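Only the coordinates and a few stated rules stand behind these numbers; no lab work does. Bear in mind the structure is a predicted one, so any value in this text is a computation, not a measurement. Note that we place each Cβ from the backbone using ideal geometry, even for glycine, and neighbour counts take in every protein chain shown.
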Amino acid sequence: MKLNQRPISTWYILLLLLGIGVVIALAGCGSNQPAAAAVPASPVTVQLAWVHSVEYSGFYFAEENGYYAEEGLAVELAELGSAGPIQRVVAGEAQFGITSGDTLITARAEGSPIVAVATIYQRSPVAFISLAEKNISRPQDLVGAKVLVHFDGTTGLVYNAMLSSVGIDPSRINSVPRTDFGNDPLLTGQVDVMDAFVTNQPVQLALDGHQINAILASDYGIDVYANIIFTSEEIIAQDPDLVERFLRATVRGMQSAVDNPEVAAALALRYNPELSLESEVESMRRSLPLIDPADSFPGHMTAENWQTTYQILLDQGFMSGPLDVEAGYTLTFLEKIYGD
């Protein structure tokens, strides 16, 4: 799984930036209707789950192409700070937030009145990676290996669910908890395998010249949503039109990102200049089958996936009692937008 490494020239970067300008310019064409009377845009804050990166390229396209403006929205994309997405949305400090599907379910079990309205990745990006020389390419190869896992997060949940799905007793694996999130434990031989997002650490390692194998949890039926878009029950009840307008612009942005992956990568650098263009381009390419899998459409969620996530939480003891999972998500807005 070694990448074809190509140096990115100044001309390449200029062409990408020119592409952004063309995409944005085209978005403004197509209507000769007289301008309507100016109406103040509705302010919307989206609390991201991390720093700006190509993962959020759908939001960037929606902003830069004027999709939010067309829906009468003035959107702020807030990087993660001291307060998390759920805390900010519940407090009314943000109208929308990003979190994982399992986190949303456990938060609702604890009384947080939040509801998922769409997802960015429909397939799980969680992977368990190793140096190719270890010849570890399937869950069965983990037996006897030393595996580094963040057990307090989604990856730990997914790890145990994947092992269960193929009938592997976790006691046959030397699983150790993560204490940091760097790549050194893998590169220095402290561990044989570590958890990762396939769009992140494997990209970094491959661009540094390391041949990597990745076991994708989604290949074994474990597709816990990694980054759903959620809002509060109060906003859905009091201003469903705001939710629909925001979501319509956002899924348009997601489709634009899928259609223009290299421009999406360059856009991410506008929001976070510290990013590597080469890394973001490759990350976006790896994201495409996660954002827009076959026979689906951007943002789509399924009742089956939500029920499976809930069952995984029950099986692993994260839930102490029954919960109405269907109250934790709604497909209503996506169905209106896509005409289903």
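Which of S287, S42 comes first, and how do the rest follow, when ranked by fewest Cβ neighbours within 10 Å?
Numbers: S287 25, S42 17.
Placing the least packed residue first, the sequence is S42, S287.
Would you mind ranking E335, E244, E234 by Cβ crowding within 10 Å, fewest neighbours first? Intermediate values should be presented prior to the final figure.
On the way: E335 10, E244 17, E234 14.
Fewest-to-most ranking of E335, E244, E234: E335, E234, E244.
Taking every DSSP beta bridge that has both residues in the chain, what percent is antiparallel when rounded to the nearest 5? Let's see the in-between values first.
Numbers: 17 of 32 bridges.
Of those bridges, close to 55 percent are antiparallel.
May I ask what percent, to the nearest 5, of DSSP beta bridges between residues of region 126-220 are antiparallel? List each step's numbers first, then the result.
Values: 9 of 15 bridges.
Close to 60 percent.
Translational D (Stokes-Einstein, µm²/s) of the chain at 10 °C and 1.306 mPa s when Rh comes from the Kirkwood sum over C-alpha pairs?
Working: Rh = 21.1 Å.
The calculation lands on 75 µm²/s.
Check which residues have an amide H placed less than 5 Å from I173's amide H, if you skip close sequence neighbours.
G144
Give me, ordered by chain and number, the residues 5 or more places off Q122 or on other chains with an amide H under 5 Å from its own placed amide H.
Excluding prolines and chain starts, which carry no amide H, the hits are I291.
Net charge near E262, counting Lys/Arg +1 and Asp/Glu -1 over other residues with Cβ under 10 Å of its Cβ?
Working: positive: R285; negative: E280.
With Lys, Arg at +1 and Asp, Glu at -1, the neighbours total 0.
Just want the ordering: M319, M162, from fewest to most Cβ atoms lying within 10 Å of their own Cβ. Can you show the working numbers first?
Numbers: M319 17, M162 23.
Sorted ascending by nearby Cβ count, the order is M319, M162.
State the Cα centre-to-centre distance between region 260-306 and region 198-255 in whole Å.
8
Counting only residues 5 or more places away or on other chains, whose amide H sits under 5 Å from the amide H of T45 once H atoms are built in the peptide plane?
The answer is E76, Q95, F96.
Grab the other residues whose beta carbon is less than 15 angstrom from that of G182, score K and R as +1, D and E as -1, and report the net. Please report the intermediate quantities before stating the final value.
Values: positive: R178; negative: D180, D184, D195, D208.
Surrounding charge for G182 is -3.
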